[in-house]
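A short worksheet on the structure shown next.
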Amino acid sequence: EGVAVVKIPRTGQTTSYATGDDGYFKEGVPWPTPRFRDNGDSTVTDNLTGLMWTKLGGTSAGTWQQVLNYVAGMNGGIYPNFGYTDWRLPNRKELRSLVDYSNNQVALPSGHPFSSLGSGSNGYYWTSTSFARDGYNAWFVAVGDDGSVTGNDKNQYHPVWPVRGGI
């Protein structure tokens with residue numbers, strides 16, 4: 001029986017801060033050039049993962065349930081859906097896949113086509129991933145800051161960045 005090989009993309013970190021970190025090894029699947037394709041319809045496709053994102057980061061903000069409702073409203077035609085009805089809140093791994101760890105204060109690859117990315121608390125985007133140990137918290141990714149992944153009470157306000165497709 002063959003063993004499946006998972007190809008992990010590079011993190012983007014090119015400077016080494018300690019022996020054995022990503023900047024030291026610089027391993028992983030190289031990013032495609034260009035990394036992103038602007039689809040000309042307010043959506044962007046990530047050529048690395050195949051995921052399609054709204055071009056406008058942070059289309060709405062609210063509690064975790066409110067942003068889930070917003071995405072459902074996109075699919076129902078209440079909010080702009082750009083011709084697609086399968087938008088969803090990204091999971092933790094999907095949102096983290098956008099992060100370029102060589103950048104911070106917007107931890108995305110240089111030259112990305114996204115707009116309206118917040119900084120500070122506005123740059124922490126909700127994911128669909130709840131904490132395994134409790135249902136009161138969910139993970140978010142600090143895309144508008146340093147790319148860190150952390151959690152917060154689902155009643156806090158953070159933006160949503162809808163995605164479609166799957167890794």
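The values are calculated or read from the model by the stated rules, or taken from the named source; none is laboratory data. Bear in mind the structure is a predicted one, so any value in this text is a computation, not a measurement. Reconstructed Cβ throughout: ideal geometry from the backbone, glycine too, with neighbour counts over all protein chains shown. The area values use the complete protein model at the heavy-atom level, side chains included, leaving out ligands, DNA and RNA. Shrake-Rupley method; radii C 1.70, N 1.55, O 1.52, S 1.80 Å.
With a Förster radius of 25 Å, plug the Cβ-Cβ distance of Y136 and S116 into 1/(1 + (r/R0)^6) and report the FRET value to the nearest 0.05. Here the calculated transfer efficiency is 0.30. Here, the range 64-126 has an Rg and a Dmax of 13.4, 38 Å when only alpha carbons are counted. Remark: the I78-Q156 segment gains 25.7 nm on full extension, using 0.36 nm per residue and subtracting the alpha carbon distance.
Inter-label distance, D86 to R37: 1.6 nm, where each label sits 7 Å from its Cα along the C-beta direction. Remark: the chain carries a charge dipole of roughly 180 debye about the Cα centre, counting +1 on each Lys and Arg Cβ and -1 on each Asp and Glu Cβ.
Mind telling me which of R35, R133, R96 comes out most flexible in a GNM of the chain, alpha-carbon contacts under 10 Å? The residue that fluctuates most here is R133.
Between N69 and T14, how many nm apart are label points set 7 Å from Cα along the C-beta direction? Calculated label separation equals 4.5 nm. Taking each residue as 0.36 nm, the span from E27 to S148 lengthens on full extension beyond its C-alpha to C-alpha distance by 41.5 nm. Surface composition of the range 64-128: carbon and sulfur atoms hold 45% of the protein heavy-atom accessible area at a 1.4 Å probe. Per residue, the range 61-153 exposes 47 Å² of accessible surface when a 1.4 Å probe is rolled over the protein heavy atoms with every protein chain present.
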